[in-house]
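All remarks here apply to the structure that follows.
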Amino acid sequence: MNKVLIAEDSGVFRLLLRRTLGDSYEVLEAADGETALSLAREHKPALVVLDIVMKGMSGIEVCRKLKEDPHTKEGVVLMLTAKADEVHIEEARSAGADDYFTKPFSPKALLQKVEEVLGESQKPTLK
């Protein structure tokens, strides 16, 4: 089962993300950027879902560090945020984000986006 790391400071959103993705993926969770970096380096998830606004280190900075690190640069980064303006989207792209998804969201649409960014070879198998 593919690993997905969720970096989101809101416990409510982490719960929603875990429930949305947990049947198809092994879900790891971080409430802040430092923990997200540590978990990504340790577990090498196929996908990191990052909120932009987090206490301490922003999701943009986490993304930049993941993409600069030889041990984590191959992982896919999906920004998941309420910041839907072009400035934030461009900032995420410049940091190396592979895709961008905005809140609020439909759980079904998020699952489809995750499958899309991971590609055919990493789609979950039906149970």
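Select, from D32, D51, the only residue that is among the acidic types (D, E) and touching a Ser or Thr at 6+ places or on another chain (Cβ under 6 Å).
Numbers: D32 fails: touching a Ser or Thr at 6+ places or on another chain (Cβ under 6 Å).
The conditions single out D51.
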Subset of segment 29-57 [modelled with pLDDT of 95 or more and either of a type in the set (K, R) or over 21 Å from R93 (Cα atoms) (or both)]: E29, A30, A31, T35, S38, L39, R41, E42, H43, K44
Failed item, numbered, when D23 is tested on (1) touching a residue at least 60 places away in the same chain (Cβ under 8 Å); (2) surrounded by 16 or more Cβ atoms within 10 Å (Cβ to Cβ); (3) outside any helix (DSSP H, G or I); (4) of a type outside the set (S, T, N, Q): (2)
Where A97 falls short, out of the listed (1) more than 18 Å from G119 (Cα to Cα); (2) touching a helix residue (DSSP H, G or I) at 6+ places or on another chain (Cβ under 6 Å); (3) of a type outside the set (D, E, K, R): (1)
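Within segment 26-46, work out how many residues are in a helix (DSSP H, G or I) and not aliphatic (A, V, I, L, M).
Total meeting the criteria: 7.
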Residues located in segment 80-89, provided they are surrounded by 15 or more Cβ atoms within 10 Å (Cβ to Cβ) and either at pLDDT 95 or above or among the charged types (D, E, K, R) (or both): K83
Looking only at segment 90-121, and only at residues there that are within 22 Å of P70 (Cβ to Cβ) and touching a residue at least 24 places away in the same chain (Cβ under 8 Å), the one that is surrounded by the fewest Cβ atoms within 10 Å (Cβ to Cβ): G96
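The values are calculated or read from the model by the stated rules, or taken from the named source; none is laboratory data. Bear in mind that the values here come from a model prediction, so they are computed numbers and not experimental data. Reconstructed Cβ throughout: ideal geometry from the backbone, glycine too, with neighbour counts over all protein chains shown.
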